[in-house]
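Dumping the structure here so I can ask a few things about it.
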Amino acid sequence: MTERLPPYEFVTAPCGALRLTLAGAEAELRTSGALWLDGERALIAADLHLEKGSSYAARGQMLPPYDTRETLRRLAAEIEALRPRLVILLGDTFHDRRSEERLSRQDAAGLTALAAGRTLVWVVGNHDADGPKALPGEIAGELSIAGLTLRHEPRAGLAPGEVAGHLHPAAKVRAPRGTVRRRCFVTDSERIVLPAFGAYAGGLNVRDAAFAGLFARPPLAGALGGVRVHAVGWRFLAAD
Amino acid sequence: MADAGAQLPDLLPPKFKAWFDGRGWTARAHQLAMIEQARAGRDALLIAPTGGGKTLAGFLPSLIELAERPPANTPAGLHTLYISPLKALAVDVERNLNAPILEMGLPITAESRTGDTGLSRRQRQRVKPPEILLTTPEQLALLCAWEGARLLFESLRCVILDEIHTLHASKRGDLLALDLARLSTLAPHMRRVGLSATVDDPEVIKRWMAGPAGPGAIELVTGPAGAQPIVDMLLSEGRVPWAGHTAQHAMAEVYEAIKRSKTALVFVNTRFQAEFAFQELWRLNDDALPIALHHGSLAAERRRKVEAAMARGALRAVVCTSTLDLGIDWGDVDLVIQLASPKGAARMVQRIGRANHRLDEPSRALFVPANRFEMLECQAAREAIAQNVLDGDPPREGALDVLAQHVMGCACAEPFDMLELYDEVRTAGPYRELSWEDFERVVDFVSTGGYALKTYDRFRRIVRGPDGRWRVRNGEVAQRHRLNVGAIVSPAMLAVRIAGRRGSVGRKIGEIEEGMLEMLDPGDTFVFAGQVWRLMGITNLDVLVQPANDHDAKMPSWGGSKFALSTFLAKRVRQLMTDQDHWRVLPSDVREWLEVQRDRSLIPAEDEMLLETFARGRRHFMVCYSFEGRLAHTTLAMLLTRRLERLGAAPLGFVCNDYALAVWALNPLDGLDYDALFAEDMLGDDLEAWLAESFMMKRAFKGCAIIAGLIERRFPGDRQKTGRQITFSTDLIYDVLRRHEPDHLLLRCARADAATGLIDVARLGQMLSRIRGRIRHARLDHLSPFSVPILLEIGKERSPGQAGEIILHEAEEDLIAEALQ
């Protein structure tokens, strides 16, 4: 009765990334949680939530103040490895509207250095609707490259060619040996939702209702492992 | 001796003497001795067997003092504080204490206060306290963190610590010791009284409970020796099984033993075993005997029902876990049955004490070993109990995460001076050796998180005022602290509820640990609360089930035994195994098993460790019989496999139980230098490297983060959110902290916890030094009798947590297989 759909096509790159075609564009799902578009030499990372630690500290919960440093370290490592022409931060780069003020001088300098010699684009999100005040880079609400539309929050319903963040997808993978929960990409090869890149960003289970209706068919999860991205089918994913 | 009352008549006021006489009782010597110590203003530790009037002995001095107090026109205030490890025990003692108060017509109020006490009563108790307050360590911590603490406690004269042996050697004990130090500051004339039935080393307890005057100031009072318990071993007509932990083979005989007794308590080690034994007994229950079930996962009202039925004498047996270990007085229990391994001698004495609350009659107990090693263990425990030598918890150094919670609590109550508080803290037993540097770090942690990167100075939780005293920043911070008080961190629990029609949610039947559910899919059946249920689904924090009629439920494994075999009992098991003359006390099939082991492999000397190697199928096995408990064995196996990997042996897997561990590999394991393989330096770099990535470290870190107040369990006005939940994981914090500040206070706490608890490095270290140069290798061309039990466990275990990558890999490969169909 149901039409058997062809399996998703993907290849694991030597670096551990998952390569697939996204609405016609070649895309690489990186172990770091960033997306790499080789044709455009564009690196895309969503939901950095910089200064989440200090945001909690201001309310009396003293989380280690190293989250910004850690997130930027991982971003710098990707930039070092890939030498992008374009770096796109896909919204909620700051955890709240006052995060930029709390940024330490050292971290601000680190972020500025990352922008040197390339284009840095801040796609704005709900946590950071105004974009940065003093930091370099261009501010955009949406961006089109390689036939893809990059925006922070996924449009409801089907949206072929969309690359978004906002939802912080996480996969609870169930296998005979047990269960493990990891951040993940989620895609039906027409659109993709990126995992949160920030060190303290939590995850929302992809089985949550927030993902309902986004995909034309049961999507594939690219679960972030220690050294590679694991392609996991829908039926191995459990609700929380 | 028992009539010592005659020699010291003046200790007991006439009213009390008359009350004793009216009941046909004579005050016991230790009860009078406790009055004497109180009159002299001394602290006391009373060790007396169950049924010896221990609780009354603890309270008599306070009752007398309060009865003799001249009437005053000011409110009397709190006089005596009683601390029990269990809420139920506090409530039970309230009932028992009010009997003499009412019968003698004493003008004394005694009230309990637990987490279950209504809000209005708790609020009233703070403003207008009873003379005697019966409560738990957590409630005390809460009261100590209240602004009115000084006023509430300044009248306090006595604190009674019941079942003190269960309190001291834990983080709970650390917190209680700190709160006692606080009480001594607020009420310098307060006496400390400890009560216990089973203590192997009173000096350890004294050191823990001592106040500013030190352990030397505590008088030891001992009660009469109770009658020696009669402990039998069930020598099943069916032969003792090689392996397994359920004692299924003996269930019919257990049932017969229940039939022959008035009321039996059937103790097991895990909730899973409780459910299993309960099912099995009801399968056999042709006489429809009232047999009930009691364990910590059952809903509180279900447990209360069972307890009430028990008190009425309406039950013939209760299958229970450690929830019924402690002192609630149940009248008519005349038999205690221990199903499967006792794990430790002191715990057994405690459990056996549940039977028969009369001093002069022996308690009766029946051990039911589930396998052959357990047969040795039961025998060793019997002998230890007969000789009255017990295992006990070693003294511990106070945990710094607990200290952090306490410092915050102090700041919530009133501003503190750092030096004064340091001196006060060091009067608490577990913190006597605390260095000023560590204390400073803890205060810094409480204030700003204690990070090397000083960016949080403007967000301090406690601030230093111009008077030099530290106070809490504002009322909201204090309120949040009070919501998170306590040193017990339990795993995430989900409520089990009956699913109604059209998705409605029905009655709650209990709680289960989150991890257990990972093995069940909707539609699966499992046994819980003595019934078979079908899992319908899981919502946010509820597990929805419906009754199922299946007889063969998919039985979730609730993990191995929660308790590890005690070091003390392990040593006795090794002695029994080594001493061939001793074997005659064992049943013939177990004796035969030992004899075949001797002939086909070897029996090591007491201080040696036997290591066997053999091939089986295409695998090479190495089995070590180290008898150090499952936790230490698991750590050892992890470290050994790392080393074997480096030696090119290609290890494939391992399995552990309380007695032994087995490793198997692709390449032979018998040409190795075992002394080098088991060298103690494996606890250095190898351990560090493994530990850093280990899920056990992450779990330990989470516990410390919660206790220290880095992560809050509850927020004010916290409601269960419906809809989206973004989970915020302490693992993320752990990873970031480990990379950027590996010496942070909380990582130190987590390492210390993992080393003593989850991975038992301390015990492993002692063992490695014990067997140095004493490994006896037997190279076999077949299995040995000893190796069978452990090999039978292969395949039954899941490897938790650290197998994350493997799990991802498995799911992925299945997907590929599916795609290629």
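I want to confirm something. Restricting to the stretch A:111-136 and keeping residues that are polar (S, T, N, Q) and closer than 22 Å to A:Leu35 by Cβ, which single residue is surrounded by the fewest Cβ atoms within 10 Å (Cβ to Cβ)?
That would be A:Asn126.
Could you grab me the full set of residues in the stretch A:73-83 that are more than 23 Å from B:Leu746 (Cβ to Cβ) and within 12 Å of chain B (Cβ to nearest Cβ)?
Within the stretch A:73-83, none qualify.
I'd like to verify a number: residues in the stretch A:16-34 that are part of a loop (DSSP other than H, G, I, E, B) and surrounded by 15 or more Cβ atoms within 10 Å (Cβ to Cβ), how many?
Of the residues in that region, 8 qualify.
Could you check the stretch B:59-78 and list, in sequence order, the residues that are in a loop (DSSP other than H, G, I, E, B) and of a type in the set (A, V, I, L, M)? Walk me through how you get there before you give the answer.
From the stretch B:59-78, those in a loop (DSSP other than H, G, I, E, B) are B:69-78; that's our starting set.
If the condition is that a residue be in a loop (DSSP other than H, G, I, E, B) and of a type in the set (A, V, I, L, M), then B:Ala72, B:Ala76, B:Leu78 are the ones that fit.
Separate question: Sort out which residues of the stretch A:167-188 are within 14 Å of chain B (Cβ to nearest Cβ), in a loop (DSSP other than H, G, I, E, B) and in contact (Cβ under 8 Å) with a residue 12 or more places away in the chain, and write them in order of number.
Selection gives A:Leu167, A:His168.
Find all pairs meeting these conditions: Cβ atoms under 7 angstrom apart; at least six residues apart or on different chains; first residue within the stretch B:633-660 and more than 22 Å from B:Arg618 (Cβ to Cβ); second residue among the aromatic types (Phe, Trp, Tyr) and surrounded by fewer than 21 Cβ atoms within 10 Å (Cβ to Cβ).
What qualifies is B:Met638/B:Trp690; B:Leu639/B:Trp690; B:Arg642/B:Trp690.
For residues that are of a type outside the set (A, V, I, L, M, F, W, C) and surrounded by 24 or more Cβ atoms within 10 Å (Cβ to Cβ), tally how many sit in the stretch A:206-240.
Here the count works out to 3.
Sort out which residues of the stretch B:322-342 are surrounded by fewer than 24 Cβ atoms within 10 Å (Cβ to Cβ), within 22 Å of B:Ala250 (Cα to Cα) and modelled with pLDDT under 85, and write them in order of number.
B:Ser322
Would you say B:Glu65 is surrounded by fewer than 19 Cβ atoms within 10 Å (Cβ to Cβ) and not polar (S, T, N, Q)?
When the stated conditions are applied, B:Glu65 passes them.
Within the stretch A:105-125, restricting attention to residues that are part of a loop (DSSP other than H, G, I, E, B) and within 18 Å of A:Asp92 (Cα to Cα), which residue is modelled with the lowest pLDDT?
Ranking the qualifying residues of the stretch A:105-125, first place goes to A:Gly125.
For the list (1) over 23 Å from B:Pro742 (Cβ atoms); (2) touching a helix residue (DSSP H, G or I) at 6+ places or on another chain (Cβ under 6 Å); (3) not acidic (Asp, Glu), I need the number of the one condition that B:Arg432 fails.
For B:Arg432, the exception is condition (2).
Against the definition (surrounded by fewer than 19 Cβ atoms within 10 Å (Cβ to Cβ) and within 14 Å of another protein chain (Cβ to nearest Cβ)), how does B:Ala452 come out, yes or no?
yes
Residue-wise test of (1) touching a Phe, Trp or Tyr at 6+ places or on another chain (Cβ under 9 Å); (2) closer than 21 Å to A:Val121 by Cβ.
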| site | (1), (2) |
| --- | --- |
| A:Ala140 | yes, yes |
| A:Leu148 | no, yes |
| A:His152 | no, yes |
| A:Lys172 | no, no |
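Regarding the stretch B:384-403, can at least one residue be identified that is within 14 Å of chain A (Cβ to nearest Cβ), surrounded by 22 or more Cβ atoms within 10 Å (Cβ to Cβ) and out of contact with any Ser or Thr (no Cβ under 8 Å at 6 or more places or on another chain)? Full working, then the answer.
Step one: filter the stretch B:384-403 for residues within 14 Å of chain A (Cβ to nearest Cβ), giving B:401.
Among the residues that remain, those that are also surrounded by 22 or more Cβ atoms within 10 Å (Cβ to Cβ) are: B:401.
Pick out the ones that are also out of contact with any Ser or Thr (no Cβ under 8 Å at 6 or more places or on another chain) and you get B:401.
Yes, the stretch B:384-403 contains at least one residue that is within 14 Å of chain A (Cβ to nearest Cβ), surrounded by 22 or more Cβ atoms within 10 Å (Cβ to Cβ) and out of contact with any Ser or Thr (no Cβ under 8 Å at 6 or more places or on another chain).
Test of understanding: among A:Asp96, A:Asp128, which residue is over 21 Å from B:Leu732 (Cα atoms), part of a loop (DSSP other than H, G, I, E, B), in contact with a Ser or Thr (Cβ under 7 Å, 6 or more places away or on another chain) and not basic (Lys, Arg)? It would help to see each step written out before you state the result.
Details: A:Asp96 fails: over 21 Å from B:Leu732 (Cα atoms).
Criteria check complete, one pass: A:Asp128.
If you take the residues of the stretch A:35-64 that are away from chain B (no Cβ under 14 Å) and part of a loop (DSSP other than H, G, I, E, B), which of them is surrounded by the most Cβ atoms within 10 Å (Cβ to Cβ)?
If we take residues in the stretch A:35-64 being away from chain B (no Cβ under 14 Å) and part of a loop (DSSP other than H, G, I, E, B), then A:Glu40 is surrounded by the most Cβ atoms within 10 Å (Cβ to Cβ).
From the list B:Gly486, B:Gly506, B:Gly515, exactly one residue is at pLDDT below 90, farther than 17 Å from B:Cys410 by Cα, under 33 Å from the mean Cα position of the chain (by Cα) and more than 14 Å from chain A (Cβ to nearest Cβ). Which is it?
B:Gly506
Right, something else. Only residues that are over 24 Å from B:Arg191 (Cα atoms), of a type in the set (S, T, N, Q) and either at pLDDT 95 or above or part of a helix (DSSP H, G or I) (or both): list them for the stretch B:1-58, please.
none
Checking the condition in contact with a strand residue (DSSP E or B) (Cβ under 6 Å, 6 or more places away or on another chain) and at the interface with chain B (Cβ under 10 Å from one of its Cβ atoms), which residue from A:Ala164, A:Ala196, A:Ala221 passes?
Exactly one residue qualifies, and that residue is A:Ala221.
Among the residues that make up the stretch B:639-653, is at least one of them in contact with an Asp or Glu (Cβ under 7 Å, 6 or more places away or on another chain) and within 30 Å of B:Asp581 (Cα to Cα)?
no
Taking the stretch A:92-110 as the search range and keeping residues that are basic (Lys, Arg) and within 11 Å of chain B (Cβ to nearest Cβ), which one is surrounded by the fewest Cβ atoms within 10 Å (Cβ to Cβ)? Before the answer, list the steps.
To start, the set of residues in the stretch A:92-110 that are basic (Lys, Arg) comprises A:97-98, A:102, A:105.
If we keep only those that are within 11 Å of chain B (Cβ to nearest Cβ) too, we end up with A:102, A:105.
On the way: A:Arg102: 21, A:Arg105: 7.
Selected residue: A:Arg105.
Turning to a different aspect of this structure: Report yes if A:Leu158 is away from chain B (no Cβ under 14 Å) and over 16 Å from the mean Cα position of the chain (by Cα), otherwise no.
yes
Also, quick follow-up: Please determine whether any residue of the stretch A:132-144 is among the small types (Gly, Ala, Ser), outside any loop (DSSP other than H, G, I, E, B) and under 30 Å from A:Pro218 (Cβ atoms).
For the stretch A:132-144, residues among the small types (Gly, Ala, Ser), outside any loop (DSSP other than H, G, I, E, B) and under 30 Å from A:Pro218 (Cβ atoms): present.
How about the stretch B:367-405: which of its residues are touching a Lys or Arg at 6+ places or on another chain (Cβ under 7 Å), assigned to a loop (DSSP other than H, G, I, E, B) and at pLDDT below 90?
Correct list: B:Pro395 only.
Does the stretch B:267-289 include one or more residues that are buried (at least 17 other Cβ atoms within 10 Å of the Cβ), among the small types (Gly, Ala, Ser) and not in a helix (DSSP H, G or I)?
No: zero hits.
The values are calculated or read from the model by the stated rules, or taken from the named source; none is laboratory data. Note that the structure is predicted; figures quoted are calculated from it, not measured. Virtual Cβ from ideal backbone geometry, glycine too; neighbours counted across all protein chains shown.
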